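Notes for the one structure printed next.
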Amino acid sequence: MRTRTQVGIVGAGPSGLLLSHLLHLQGVASVIVENRSRDYVEHRVRAGVLEQAAVDLLKEAGVGERMVREGLVHNGIELRFGGRGHRIDFPSLTGGRAITVYGQQEVVKDLIAARLAAGGEIVFEAADVGVHGIDTDTPLIRYRKDGSEHEVSCAIVAGCDGFHGVCRQAIPDHAQHVFERTYPFAWLGILAQAAPSHEELIYAYHDRGFALFSMRSPEITRLYLQVAPDEDIADWPDERIWQELHTRLETDDGWRLNEGPVLEKGITPMRSFVCEKMQHGRLFLAGDAAHIVPPTGAKGMNLAVADIHVLTRALTAFFKSGRGDLLATYDATCLKRVWRAEHFSWWMTSMLHRFPDDDGFQQRLQRSQLDYTVGSRAAAASLAENYVGLPFA
Ligand code: FAD
Ligand code: PHB
């Protein structure tokens, strides 16, 4: 069975869904092919922080209504070390910018609802997805569903299928220019049915390792612990997780963490990764398919939104005016922001985590950097400006 469209999109994460929605607003047709079920992608717990520019884009695109109602606007974060907290105030350091805490799976739900309401086509549970003919003007996405073979024939393929997807592999190895760092630790994350015991996010630096306090709603707390990269979640019963969180997060002046039933838990590896070739022939990569950041800077989903903003403009110019110039410069435009986010995420990660082979040198540098960051307006402003994110290109 063959479907024809203008843009064939692989992956229904934030990147693929947002691209399909924004193209629709510009009158460009697309079909999304996703290998998981709708229920699975709507309940996959991942990122939670939206930069100001991402919030503004979602609002302008008409998919921000629930985010405005239920999202939590935060005007700062806390860096916690040496037994006390130090607040970084965003608006006063960035000319009035802030972040919004709103779960990635909520963004995904809102975008799926908008696509389906507008008659958009999303194929869920597609098996053996592959992209073909990206060196020709008529590339294809092939997949199997319900026992039959399907083809989406299009003019452009958008590879929005995340880090483990198939699209990046379609770029010949010699053409990919990949940079990668893995870190000697991972994050154990939990979602708990507990009222947040603090209004803003807390990034805690502790001798026993990093911890992060975040939230999803006035009833749900999201928490993370630095653990070993090969840690087995089976070794972390809830009591052990809570005990470690209390130790790393609590302060000398009596701040205490609220506990509640653990709704979800998992371990995420930490990696920096950039494929500098984000386009090849008629294939364009966006989001995690092209780059990964460690989550410490809260940049993953925001970078995906920024790529899609650039790609939508380029594709609109291509389909409406026959202009290829913005497509030709797509990856160069995206990579400027990508490398800024890579640096910021690496810097936050390096400042806040315990490194296993450290003889004390790194710890002293970290304490010096933390003291400087909270003590100098210039240093605090640099963190704040990167955290709330620069305006889109
Ligand atoms: P994805 O969200 O990965 O979406 C890709 C989609 O493609 C998925 O729906 C996938 O099922 C689908 N797909 C994959 N392969 C195929 C295939 N062969 N065929 C068809 N479809 C396919 N960022 C933060 O800022 N903070 C966090 O706390 C955080 N936690 C994370 C935890 C985990 C476990 C992971 C993996 C990422 C996390 N991130 C976090 C990063 C953030 O979630 C991503 O940057 C964001 O999801 C990128 O969106 P995307 O649409 O590009 O990719
Ligand atoms: C989250 O709420 O999941 C979250 C917040 C900030 C981060 C990473 C994850 O840096």
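Worth a mention:
- Residue within region 106-114 that is touching a Gly at 6+ places or on another chain (Cβ under 8 Å), at pLDDT 95 or above and near ligand 1 (Cβ under 10 Å from one of its atoms) present: yes
- Test: residue in region 136-156 that is aliphatic (A, V, I, L, M) and exposed (fewer than 12 other Cβ atoms within 10 Å of the Cβ): no
- The set of residues in region 149-195 being outside any strand (DSSP E or B), farther than 21 Å from GLY324 by Cα and away from ligand 1 (no atom under 16 Å from the Cβ) consists of PRO172, ASP173, HIS174, GLN176, HIS177, GLN193, ALA194, ALA195.
- Out of ILE308, ILE233, ILE241, ILE292, sole residue that is modelled with pLDDT of 95 or more, β-branched (Val, Ile, Thr) and within 18 Å of PHE179 (Cβ to Cβ): ILE292
- Among the residues of region 118-133, just one is within 9 Å of ILE32 (Cβ to Cβ), out of contact with any helix residue (DSSP H, G or I) (no Cβ under 7 Å at 6 or more places or on another chain) and among the aliphatic types (A, V, I, L, M), namely VAL123.
- Taken over region 162-190, the criterion of being open to solvent by less than 20 Å² (accessible area, probe 1.4 Å) and closer than 21 Å to LEU245 by Cβ is satisfied by PHE185, ALA186, TRP187, LEU188, GLY189, ILE190.
- So PHE284, is it aromatic (Phe, Trp, Tyr), assigned to a strand (DSSP E or B) and crowded, with 22+ Cβ neighbours inside 10 Å: yes
- In region 7-38, of all residues being outside any strand (DSSP E or B) and among the hydroxyl-bearing types (Ser, Thr, Tyr), the one that is nearest to ligand 2 (Cβ to nearest atom) corresponds to SER15.
- Checking each residue in region 121-168 for being among the charged types (D, E, K, R) and either closer than 18 Å to SER15 by Cβ or touching an Asp or Glu at 6+ places or on another chain (Cβ under 7 Å) (or both) picks out GLU121, ARG142, ARG144, LYS145, ASP161, ARG168.
- In region 329-390, counting only helices (runs of 4 or more DSSP H) that sit wholly within it, the ones holding 3 or more residues that are farther than 30 Å from ALA314 by Cβ, under 25 Å from the mean Cα position of the chain (by Cα) and small (Gly, Ala, Ser) span 377-388.
- Some residue of region 77-91 being under 20 Å from the mean Cα position of the chain (by Cα) and on the phi < 0 side of the Ramachandran plot: yes
- Residue count for region 69-98 under the criterion of being over 18 Å from MET351 (Cβ atoms) and in a strand (DSSP E or B): the result is 4.
- Residue check, ARG84 basic (Lys, Arg), within 16 Å of ligand 1 (Cβ to nearest atom) and in contact (Cβ under 8 Å) with a residue 40 or more places away in the chain: no
The values are calculated or read from the model by the stated rules, or taken from the named source; none is laboratory data. What you see is a predicted model; the values in this text were computed from it and never measured. Here the Cβ is made from the backbone with ideal geometry for all residues, glycine too, and neighbour counts use every protein chain on show. What goes into the accessible areas is simple: the full protein's heavy atoms, side chains included, and nothing from ligands, DNA or RNA. Shrake-Rupley method; radii C 1.70, N 1.55, O 1.52, S 1.80 Å.
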